[in-house]
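Q: My questions all concern the structure below.
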Amino acid sequence: GAGVSQTPSNKVTEKGKYVELRCDPISGHTALYWYRQSLGQGPEFLIYFQGTGAADDSGLPNDRFFAVRPEGSVSTLKIQRTERGDSAVYLCASKGPSTDTQYFGPGTRLTVL
Amino acid sequence: AQSVAQPEDQVNVAEGNPLTVKCTYSVSGNPYLFWYVQYPNRGLQFLLKYITGDNLVKGSYGFEAEFNKSQTSFHLKKPSALVSDSALYFCAVRDGYRGSTLGRLYFGRGTQLTVWP
(Lines give C-alpha, C1' and ligand atoms only; values in the text may rest on other atoms or scores of the structure.)
Protein backbone atom coordinates (compact mmCIF):
# COMPACT_ATOMS: atom_id res chain seq x y z
CA GLY A 1 0.00 0.00 0.00
CA ALA A 2 1.03 3.62 -0.46
CA GLY A 3 2.89 5.23 2.37
CA VAL A 4 3.26 8.86 3.31
CA SER A 5 4.58 10.91 0.41
CA GLN A 6 6.29 14.29 0.53
CA THR A 7 7.13 16.72 -2.23
CA PRO A 8 9.52 18.04 -3.23
CA SER A 9 12.23 15.69 -2.02
CA ASN A 10 14.73 18.52 -2.16
CA LYS A 11 14.22 22.27 -2.16
CA VAL A 12 16.93 24.88 -2.51
CA THR A 13 15.93 28.48 -2.00
CA GLU A 14 17.47 31.84 -1.24
CA LYS A 15 17.28 33.64 2.05
CA GLY A 16 14.09 35.67 2.27
CA LYS A 17 12.07 33.55 -0.15
CA TYR A 18 8.78 31.76 0.53
CA VAL A 19 8.52 27.96 0.33
CA GLU A 20 5.77 25.38 0.53
CA LEU A 21 6.31 21.76 1.47
CA ARG A 22 3.61 19.20 0.79
CA CYS A 23 2.63 16.03 2.64
CA ASP A 24 0.20 13.39 1.43
CA PRO A 25 -0.66 11.03 4.31
CA ILE A 26 -1.69 7.41 4.23
CA SER A 27 -5.30 7.10 3.11
CA GLY A 28 -7.68 7.07 6.05
CA HIS A 29 -5.20 8.51 8.53
CA THR A 30 -6.86 11.34 10.41
CA ALA A 31 -3.82 12.51 12.38
CA LEU A 32 -0.93 14.27 10.63
CA TYR A 33 2.31 15.53 12.14
CA TRP A 34 5.16 17.72 10.96
CA TYR A 35 8.66 17.39 12.42
CA ARG A 36 11.95 19.08 11.62
CA GLN A 37 15.25 17.24 11.73
CA SER A 38 18.42 19.29 11.83
CA LEU A 39 21.79 17.77 11.07
CA GLY A 40 22.91 15.42 13.81
CA GLN A 41 19.69 15.75 15.77
CA GLY A 42 16.53 13.77 16.28
CA PRO A 43 13.26 15.00 14.79
CA GLU A 44 11.58 17.85 16.64
CA PHE A 45 7.84 18.32 16.68
CA LEU A 46 6.33 21.27 14.82
CA ILE A 47 2.56 20.82 14.50
CA TYR A 48 -0.16 18.20 14.73
CA PHE A 49 -3.47 18.07 12.85
CA GLN A 50 -6.50 16.04 13.82
CA GLY A 51 -8.69 16.24 10.74
CA THR A 52 -8.63 19.75 9.34
CA GLY A 53 -7.73 21.59 12.51
CA ALA A 54 -4.37 22.16 14.11
CA ALA A 55 -4.71 20.43 17.47
CA ASP A 56 -1.24 21.44 18.64
CA ASP A 57 0.98 24.02 16.93
CA SER A 58 3.19 24.71 19.91
CA GLY A 59 6.28 23.42 18.13
CA LEU A 60 6.27 26.03 15.37
CA PRO A 61 9.38 28.13 16.04
CA ASN A 62 7.91 31.51 15.07
CA ASP A 63 5.20 33.17 13.01
CA ARG A 64 7.10 32.65 9.76
CA PHE A 65 5.94 29.04 9.90
CA PHE A 66 2.37 28.06 9.12
CA ALA A 67 0.65 24.85 8.09
CA VAL A 68 -2.75 23.98 6.68
CA ARG A 69 -4.79 20.88 6.02
CA PRO A 70 -7.97 22.25 4.43
CA GLU A 71 -9.68 18.98 3.51
CA GLY A 72 -8.31 16.76 6.22
CA SER A 73 -5.91 14.93 3.94
CA VAL A 74 -3.01 16.69 2.23
CA SER A 75 -1.12 19.20 4.33
CA THR A 76 1.15 22.08 3.32
CA LEU A 77 3.85 23.55 5.53
CA LYS A 78 4.55 27.15 4.58
CA ILE A 79 7.66 29.09 5.51
CA GLN A 80 7.87 32.82 4.87
CA ARG A 81 11.04 34.90 4.66
CA THR A 82 13.25 31.85 4.91
CA GLU A 83 16.46 32.05 6.91
CA ARG A 84 19.61 29.95 6.70
CA GLY A 85 18.72 28.43 10.05
CA ASP A 86 15.59 26.93 8.51
CA SER A 87 17.75 24.49 6.56
CA ALA A 88 16.80 21.01 7.71
CA VAL A 89 14.88 17.91 6.70
CA TYR A 90 11.15 18.38 7.19
CA LEU A 91 9.38 15.14 8.00
CA CYS A 92 5.70 14.40 7.84
CA ALA A 93 3.98 11.51 9.63
CA SER A 94 0.44 10.21 9.75
CA LYS A 95 -1.44 8.00 12.15
CA GLY A 96 -4.64 6.05 11.86
CA PRO A 97 -7.45 6.21 14.41
CA SER A 98 -6.87 2.71 15.77
CA THR A 99 -3.10 2.79 16.25
CA ASP A 100 -0.51 4.69 18.25
CA THR A 101 2.15 4.36 15.57
CA GLN A 102 3.16 7.31 13.42
CA TYR A 103 4.33 6.44 9.92
CA PHE A 104 6.83 8.80 8.35
CA GLY A 105 7.38 10.01 4.85
CA PRO A 106 10.81 10.30 3.21
CA GLY A 107 11.13 13.98 4.10
CA THR A 108 11.89 17.19 2.24
CA ARG A 109 15.43 18.46 2.49
CA LEU A 110 15.28 22.27 2.59
CA THR A 111 18.44 24.25 1.94
CA VAL A 112 18.37 28.00 2.37
CA LEU A 113 21.33 29.73 0.74
CA ALA B 1 8.60 17.32 30.68
CA GLN B 2 9.07 14.47 28.25
CA SER B 3 12.56 13.60 27.04
CA VAL B 4 14.64 10.79 25.65
CA ALA B 5 18.35 10.13 26.05
CA GLN B 6 20.44 7.93 23.82
CA PRO B 7 23.78 7.95 25.61
CA GLU B 8 25.82 6.52 22.74
CA ASP B 9 26.31 8.45 19.52
CA GLN B 10 27.83 5.35 17.91
CA VAL B 11 27.70 1.62 18.44
CA ASN B 12 30.03 -0.68 16.55
CA VAL B 13 29.59 -4.45 16.49
CA ALA B 14 30.84 -7.37 14.42
CA GLU B 15 28.41 -9.26 12.24
CA GLY B 16 26.91 -12.20 14.07
CA ASN B 17 27.41 -10.66 17.50
CA PRO B 18 24.55 -9.41 19.65
CA LEU B 19 23.84 -5.70 19.63
CA THR B 20 22.29 -3.28 22.10
CA VAL B 21 21.31 0.33 21.50
CA LYS B 22 20.47 2.12 24.71
CA CYS B 23 17.58 4.45 25.47
CA THR B 24 16.32 6.05 28.65
CA TYR B 25 13.28 8.26 28.94
CA SER B 26 11.45 10.72 31.13
CA VAL B 27 7.69 11.14 30.93
CA SER B 28 5.07 12.38 33.33
CA GLY B 29 2.49 9.68 32.69
CA ASN B 30 2.65 6.15 31.36
CA PRO B 31 5.17 5.97 28.54
CA TYR B 32 4.46 4.92 25.01
CA LEU B 33 7.87 3.99 23.60
CA PHE B 34 9.00 3.55 20.01
CA TRP B 35 12.09 2.66 18.02
CA TYR B 36 12.59 3.91 14.49
CA VAL B 37 15.42 3.29 12.02
CA GLN B 38 16.68 5.76 9.42
CA TYR B 39 18.74 4.80 6.39
CA PRO B 40 20.67 7.50 4.49
CA ASN B 41 18.41 9.97 2.69
CA ARG B 42 15.34 8.08 3.82
CA GLY B 43 12.58 8.79 6.29
CA LEU B 44 12.05 7.02 9.58
CA GLN B 45 10.91 3.42 9.48
CA PHE B 46 8.97 2.02 12.42
CA LEU B 47 10.62 -0.95 14.15
CA LEU B 48 8.64 -1.65 17.30
CA LYS B 49 6.73 -0.13 20.19
CA TYR B 50 5.79 -0.66 23.80
CA ILE B 51 2.38 0.50 24.92
CA THR B 52 1.39 -1.95 27.63
CA GLY B 53 1.69 -5.64 28.47
CA ASP B 54 4.77 -7.83 28.17
CA ASN B 55 7.97 -5.93 28.86
CA LEU B 56 9.77 -7.66 25.99
CA VAL B 57 8.46 -6.55 22.63
CA LYS B 58 9.44 -7.98 19.29
CA GLY B 59 9.54 -6.01 16.08
CA SER B 60 10.69 -5.98 12.51
CA TYR B 61 13.91 -7.55 11.17
CA GLY B 62 14.57 -9.60 14.30
CA PHE B 63 14.82 -6.62 16.64
CA GLU B 64 13.39 -6.61 20.13
CA ALA B 65 13.33 -4.18 23.03
CA GLU B 66 12.89 -4.52 26.75
CA PHE B 67 10.86 -2.04 28.76
CA ASN B 68 12.22 -1.51 32.27
CA LYS B 69 10.04 0.78 34.32
CA SER B 70 12.30 1.01 37.35
CA GLN B 71 15.28 2.02 35.22
CA THR B 72 13.14 4.06 32.79
CA SER B 73 14.87 2.32 29.92
CA PHE B 74 13.85 0.82 26.61
CA HIS B 75 16.99 -0.70 25.08
CA LEU B 76 16.91 -2.08 21.55
CA LYS B 77 18.50 -5.48 21.04
CA LYS B 78 19.18 -8.07 18.39
CA PRO B 79 20.77 -11.47 19.05
CA SER B 80 22.82 -11.58 15.86
CA ALA B 81 23.71 -8.40 13.96
CA LEU B 82 23.80 -8.12 10.18
CA VAL B 83 25.83 -5.70 8.06
CA SER B 84 22.51 -4.51 6.63
CA ASP B 85 21.46 -3.38 10.13
CA SER B 86 23.93 -0.49 9.84
CA ALA B 87 21.82 2.66 10.12
CA LEU B 88 20.75 5.47 12.44
CA TYR B 89 18.39 4.41 15.23
CA PHE B 90 16.03 6.70 17.10
CA CYS B 91 14.19 6.10 20.33
CA ALA B 92 11.00 8.11 20.91
CA VAL B 93 8.46 8.55 23.68
CA ARG B 94 5.05 10.04 24.07
CA ASP B 95 2.95 10.52 27.13
CA GLY B 96 0.22 7.90 27.32
CA TYR B 97 -2.22 10.40 28.79
CA ARG B 98 -4.14 11.35 25.72
CA GLY B 99 -5.26 14.69 27.00
CA SER B 100 -1.79 16.10 27.50
CA THR B 101 0.68 16.06 24.61
CA LEU B 102 -1.86 15.01 22.02
CA GLY B 103 0.41 12.41 20.54
CA ARG B 104 3.58 14.31 19.72
CA LEU B 105 6.72 12.19 19.88
CA TYR B 106 9.89 13.23 21.66
CA PHE B 107 12.99 11.80 20.02
CA GLY B 108 16.49 11.09 21.17
CA ARG B 109 19.47 12.35 19.18
CA GLY B 110 19.97 9.02 17.52
CA THR B 111 22.61 6.29 17.64
CA GLN B 112 24.62 5.35 14.57
CA LEU B 113 24.95 1.58 14.44
CA THR B 114 27.78 0.15 12.36
CA VAL B 115 28.03 -3.58 11.83
CA TRP B 116 31.28 -4.66 10.22
CA PRO B 117 31.73 -7.93 8.31
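Q: So how many residues does the range B:88-109 have that are modelled with pLDDT of 95 or more and surrounded by fewer than 20 Cβ atoms within 10 Å (Cβ to Cβ)?
A: Number satisfying all stated conditions: 2.
Q: With the range B:13-117 as the region, which strands (runs of 3 or more DSSP E) entirely inside it contain at least 2 residues that are within 12 Å of chain A (Cβ to nearest Cβ) and in contact with a strand residue (DSSP E or B) (Cβ under 9 Å, 6 or more places away or on another chain)?
A: It comes to B:31-38, B:44-50, B:87-95, B:111-116.
Q: Test A:Tyr48 against the criterion of being under 20 Å from B:Phe46 (Cα atoms), within 13 Å of chain B (Cβ to nearest Cβ) and free of Cβ contacts under 8 Å to residues at least 60 places away in the same chain, and give yes or no.
A: Yes; evaluated as a whole, the condition is true for this residue.
Q: Hey, another quick one. Please indicate, with yes or no, whether at least one residue in the range A:65-83 is under 15 Å from the mean Cα position of the chain (by Cα), without any contact (Cβ under 8 Å) to a residue 24 or more places away in the chain and loosely packed, with under 14 Cβ neighbours inside 10 Å.
A: yes
Q: Across the range A:84-113, which residue is surrounded by the most Cβ atoms within 10 Å (Cβ to Cβ) among those that are among the small types (Gly, Ala, Ser) and part of a loop (DSSP other than H, G, I, E, B)?
A: Only one residue fits best here, namely A:Gly107.
Q: Among A:Val74, A:Val89, A:Val68, which is at pLDDT 95 or above and at the interface with another protein chain (Cβ under 10 Å from one of its Cβ atoms)?
A: Exactly one residue qualifies, and that residue is A:Val89.
Q: So, one more: List pairs: first in the range B:17-44 and under 15 Å from A:Asp100 (Cβ atoms), second of a type in the set (Asp, Glu), Cβ under 6 Å, 6+ apart or cross-chain?
A: Within 6 Å, the pairs are B:Val27/B:Asp95; B:Gly29/B:Asp95; B:Tyr32/A:Asp100.
Q: What number goes with the only condition from (1) more than 11 Å from chain B (Cβ to nearest Cβ); (2) exposed (fewer than 15 other Cβ atoms within 10 Å of the Cβ) that A:Ser38 does not pass?
A: (1)
Q: Another question, then. Does B:Ser86 satisfy the criteria of being hydroxyl-bearing (Ser, Thr, Tyr) and under 29 Å from A:Trp34 (Cβ atoms)?
A: Taking the combined requirement at face value, the residue satisfies it.
Q: Surrounded by 13 or more Cβ atoms within 10 Å (Cβ to Cβ), facing chain B (nearest Cβ under 9 Å) and in contact (Cβ under 8 Å) with a residue 40 or more places away in the chain: which single residue out of A:Pro8, A:Pro43 fits that description?
A: On inspection, the qualifying residue turns out to be A:Pro43.
Q: Here is a further query. Could you look through the range A:92-113, keep only residues that are free of Cβ contacts under 8 Å to residues at least 40 places away in the same chain and either out of contact with any Phe, Trp or Tyr (no Cβ under 6 Å at 6 or more places or on another chain) or of a type in the set (A, V, I, L, M, F, W, C) (or both), and pick out the one that is farthest from the other protein chains (Cβ to nearest Cβ)?
A: A:Ser98
Q: Being modelled with pLDDT under 95 and surrounded by fewer than 20 Cβ atoms within 10 Å (Cβ to Cβ) is the filter here, so list the residues in the range B:20-31 that pass it.
A: Matches in the range B:20-31: B:Ser26, B:Ser28, B:Gly29, B:Asn30.
Q: Could you tell me which numbered condition A:Gly16 fails, if it satisfies all but one of (1) in contact (Cβ under 8 Å) with a residue 24 or more places away in the chain; (2) within 14 Å of chain B (Cβ to nearest Cβ)?
A: (2)
The values are calculated or read from the model by the stated rules, or taken from the named source; none is laboratory data. Just so it is clear, the model here is predicted, and its values are computed rather than measured. With ideal geometry, Cβ positions are generated from the backbone for all residues, glycine too; neighbour counts draw on all protein chains shown.
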